[in-house]
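The values are calculated or read from the model by the stated rules, or taken from the named source; none is laboratory data. Please read all numbers here as calculations on a predicted model, not as lab measurements. Quick reminder, even Gly has a Cβ in these numbers, built from the backbone with ideal geometry, and neighbours come from all protein chains shown. Accessible surface is based on the protein model in full, side chains and every heavy atom, while ligands, DNA and RNA are left aside. Shrake-Rupley method; radii C 1.70, N 1.55, O 1.52, S 1.80 Å.
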There are 2 protein chains.
Amino acid sequence: MADRLPPLTALRAFDAAARHMSFAAAAAELNVTPAALSFQIKSLEEHLGQPLFRRLTRAVELTEAGRALAPGTADGFAALARAWRAARRVGDTTSLTVTAGPAFTAKWLAPRLFGFARAHPEVQLRLAAGLSIMDFDRDEVDVALRFGYSTGDAQDLYETCLIREWMTPMATPELAAQIGSPADLAGMTLLHQDDTQFLDPPGNWAAWFRAAGMAAPEEAGPRFSQADHALDAALGGAGVVLGRISLAQDDIRAGRLVMPFDLSLTTEAHYRFICPKGAETRPHIAAFEAWLHSELEQITDLDTGRCFVAAADIAP
Amino acid sequence: MADRLPPLTALRAFDAAARHMSFAAAAAELNVTPAALSFQIKSLEEHLGQPLFRRLTRAVELTEAGRALAPGTADGFAALARAWRAARRVGDTTSLTVTAGPAFTAKWLAPRLFGFARAHPEVQLRLAAGLSIMDFDRDEVDVALRFGYSTGDAQDLYETCLIREWMTPMATPELAAQIGSPADLAGMTLLHQDDTQFLDPPGNWAAWFRAAGMAAPEEAGPRFSQADHALDAALGGAGVVLGRISLAQDDIRAGRLVMPFDLSLTTEAHYRFICPKGAETRPHIAAFEAWLHSELEQITDLDTGRCFVAAADIAP
DNA sequence: GGCCATGGTCAAGAATTTCTTATCTGTGCC
DNA sequence: GGCACAGATAAGAAATTCTTGACCATGGCC
């Protein structure tokens with residue numbers, strides 16, 4: 001019984017007092033009179049059996065017991081507040097926070113967001129670019145768009161596949177004019193990106209050259225940690241990139257980049273739409289998913305006439 | 001203001017209900033009637049604006065909002081409970097939890113604990129061997145004994161130096177009989193330990209040989225992650241260990257190990273007594289610290305007649 | 001089919017907690 | 001000395017939380 005928690009209101013009063021190091025300020029924060037706060041602290045100290053604050057003449061300071069208690073209450077109430085915000089978000093159909101990788105955000109999502117905003121003016125969309133965010137409650141995110149393999153072991157997640165990705169060499173029209181056969185690439189600057197490197201099998205130049213039936217030239221040329229930077233470099237004429245179609249779509253259609261070969265590398269990795277199970281039925285999330293699917297469908301035009309080789313089939 | 005926390009009693013009721021997935025069981029845990037619990041949940045749902053549980057015929061299940069809230073409340077209340085236990089511990093003068101490294105626990109602390117228990121029968125001592133434990137509140141530890149450098153930047157810690165450590169070759173009397181000069185060691189099995197390796201400069205065989213004015217023989221021989229295991233191996237006649245005097249004290253006095261050379265390596269690293277600032281005045285902690293100091297004083301006998309070289313002075 | 005046990009809900013009044021008002025104390029500062 | 005400040009105390013008021021003693025729906029059992 002001695003381990004059971006003391007009255008929570010008293011704990012909260014202590015937390016506020018410890019944060020402000022002032023009973024008066026804490027009382028103001030909690031919208032109560034200083035007298036009430038003083039009473040709460042006193043009752044908590046009685047529960048504990050020893051004082052938590054040392055009352056100095058016009059300030060208070062924590063006793064050792066108070067110092068032991070304060071960080072934990074701060075953590076505890078912060079966790080409760082975060083949880084409560086997460087629960088409130090569930091009922092909120094006016095704002096929608098989406099996290100996606102930086103490359104996809106820059107090259108695909110951001111340019112199209114205006115379309116979604118026009119179709120759904122009632123929804124306030126917020127983007128959080130980054131790869132690491134994955135705790136929906138903690139990070140206050142509603143939807144995650146991720147490139148990779150479906151783990152399948154996430155029980156409480158709703159997950160759908162958005163598009164099948166494929167990769168092929170891409171370059172500016174001027175540069176592409178000098179390319180006749182895959183062998184020509186050996187003499188050119190190849191741009192590498194790290195973020196398809198982690199795939200197994202990796203979707204990199206070596207894999208593409210194997211698919212083309214030739215040995216890969218020595219690994220050289222600049223490396224980029226983000227695919228969009230590699231693509232931007234190619235747009236500037238810096239070299240040939242093994243581009244991801246999802247990211248390059250707009251540049252291809254606009255003629256800023258061309259694909260000199262039909263040969264395209266496919267991979268088991270997909271773009272996936274992920275949200276907490278049950279969230280997919282909330283109207284604004286359902287609307288966003290539907291919009292994504294309809295927008296991404298257009299990408300399949302570019303599939304026609306291409307020759308696909310799966311990275312898994314040509315693994316060394 | 002919508003972000004402000006709802007009534008905490010209601011949150012706690014929800015937490016219990018979510019953990020048990022049963023209102024009746026939650027009510028029993030909190031020592032209230034099911035009606036009271038039902039009322040609390042309902043009031044929480046009103047605060048949130050949507051239901052947290054779906055009431056099935058003879059069970060309840062969480063809604064999406066409930067699933068978003070539940071893990072956070074569990075974390076939050078666990079943090080509060082931990083903090084409260086930590087605060088209670090401060091007023092408790094009957095039990096004392098000490099953490100020390102595994103080697104020091106095995107070779108020095110544990111054999112002497114009986115003496116402390118006899119001198120202070122009112123204190124219940126608990127040992128927690130391990131190197132990683134350092135959060136006094138989180139891990140519910142009162143005192144830590146650590147070997148290493150004083151960081152000095154820990155504002156809210158009380159820290160005193162227990163002993164100056166030194167190292168010298170040690171072996172069984174039989175094995176030591178074959179050792180005349182440092183050069184003889186080259187042909188023998190040297191036992192290595194990893195836990196003085198991290199020191200800077202490291203307190204290892206290479207350093208001792210440098211101090212002895214000769215090149216270290218090739219790094220060979222068994223390695224131990226814990227110093228007490230290396231010492232135990234030496235006691236079994238497996239080889240020569242560069243032993244730490246604090247750990248070997250008893251074996252040296254008993255004649256189970258001998259030190260064939262006067263040459264001893266000292267280091268800037270110390271054994272330190274560490275506790276939260278202010279805790280050092282609590283009677284049972286003060287008693288323990290005093291006892292440690294008086295016990296460790298005896299070790300200085302072994303200093304007489306030895307030749308000390310600081311590891312820092314002979315760094316390569 | 002009827003009955004009972006189970007698990008949750010509701011409403012009213014009781015009990016307890018929590019808050020306010022008003023007054024008081026000690027200390028530093030002008 | 002007197003004032004302002006920061007907190008403490010006491011008594012009564014307000015709010016909350018709880019219990020009692022109903023009720024309801026459902027599934028299993030005889």
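Just a few scattered comments:
- Tally of residues being touching a residue at least 24 places away in the same chain (Cβ under 8 Å) and facing chain A (nearest Cβ under 8 Å) across segment B:77-93: 7
- Restricting attention to segment A:16-55, the residues being outside any helix (DSSP H, G or I) and within 8 Å of DNA strand D (Cβ to nearest atom) number 5.
- Of all residues in segment B:34-44, none satisfies the criterion of being surrounded by 19 or more Cβ atoms within 10 Å (Cβ to Cβ), away from chain A (no Cβ under 13 Å) and more than 9 Å from DNA strand C (Cβ to nearest atom).
- Residue match in segment B:13-24 (condition: in contact with a strand residue (DSSP E or B) (Cβ under 8 Å, 6 or more places away or on another chain), surrounded by 14 or more Cβ atoms within 10 Å (Cβ to Cβ) and among the hydroxyl-bearing types (Ser, Thr, Tyr)): yes
- Counted residues, segment A:1-14 - those being at the interface with chain B (Cβ under 9 Å from one of its Cβ atoms), part of a helix (DSSP H, G or I) and more than 11 Å from DNA strand D (Cβ to nearest atom): 2
- Close Cβ contacts (under 8 Å, 6 or more residues apart or on different chains) running from residues in segment A:45-68 that are within 12 Å of chain B (Cβ to nearest Cβ) to residues that are among the basic types (Lys, Arg) and in a loop (DSSP other than H, G, I, E, B) comprise A:64/B:277; A:64/B:282; A:67/B:277.
- Residues that are modelled with pLDDT under 90, open to solvent by 30 Å² or more (accessible area, probe 1.4 Å) and within 21 Å of residue B:205 (Cβ to Cβ) within segment B:242-276 comprise just one, B:268.
- Residue B:20 satisfies every condition listed in (1) more than 9 Å from DNA strand C (Cβ to nearest atom); (2) under 37 Å from the mean Cα position of the chain (by Cα); (3) of a type outside the set (A, V, I, L, M, F, W, C) except (1).
- So residue B:174, is it among the acidic types (Asp, Glu) and over 14 Å from residue B:267 (Cβ atoms): yes
- Taken together, the residues in segment B:88-136 that are part of a helix (DSSP H, G or I), surrounded by 15 or more Cβ atoms within 10 Å (Cβ to Cβ) and more than 20 Å from the chain's Cα centre (by Cα) amount to 1.
- Top-ranked residue in segment B:56-105 [being hydroxyl-bearing (Ser, Thr, Tyr) and within 16 Å of DNA strand D (Cβ to nearest atom); ranked as modelled with the highest pLDDT]: B:73
- When residue B:155 is tested against the conditions (1) over 30 Å from residue B:255 (Cα atoms); (2) at pLDDT 90 or above; (3) of a type outside the set (Lys, Arg); (4) open to solvent by 30 Å² or more (accessible area, probe 1.4 Å), the lone failure is (2).
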